[in-house]
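The values are calculated or read from the model by the stated rules, or taken from the named source; none is laboratory data. This structure is a prediction, so every number in the text was calculated from the model and none was measured. Reconstructed Cβ throughout: ideal geometry from the backbone, glycine too, with neighbour counts over all protein chains shown.
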Amino acid sequence: MASLPNYLLTNRKRLTLSQEEVAFLLGGNGEGKGSKVSRDESSKREPGLKDVLAYELIYGKPARELFAGVYEQVEQEVAQRAKILTYRVVENNSHKRQEVLTNLISKIIG
């Protein structure tokens, strides 16, 4: 997995929590429980949906801010696929679907 920026460490330090404390809040137990948080903070592990939602609750920030690098990458990929899909819809003369996709692209791109 390519290293994309996240702001987990920044937010953990802002709240003065240890990696072990965050791991406990995530549901981790046993020895070395902070290592999971360490891997998440250094982008060596891609957390699952439950962990992402837990981070959002713990840090009080939306996932798209906590995982800004991944969010930006996904945003670009969805926009590219929506453009391709728009061309396919134009070929099939589906004006309503074309409008929906054009609005989606505008929303993503800004």
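At a glance:
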quantity: Within the stretch 56-89, tally of residues that are modelled with pLDDT under 80 and surrounded by fewer than 14 Cβ atoms within 10 Å (Cβ to Cβ); calculated: 2
quantity: Tally of residues being among the basic types (K, R) and free of Cβ contacts under 8 Å to residues at least 24 places away in the same chain across the stretch 46-75; calculated: 2
quantity: Residue count, the stretch 22-53 (criterion: small (G, A, S), surrounded by fewer than 17 Cβ atoms within 10 Å (Cβ to Cβ) and assigned to a loop (DSSP other than H, G, I, E, B)); calculated: 5
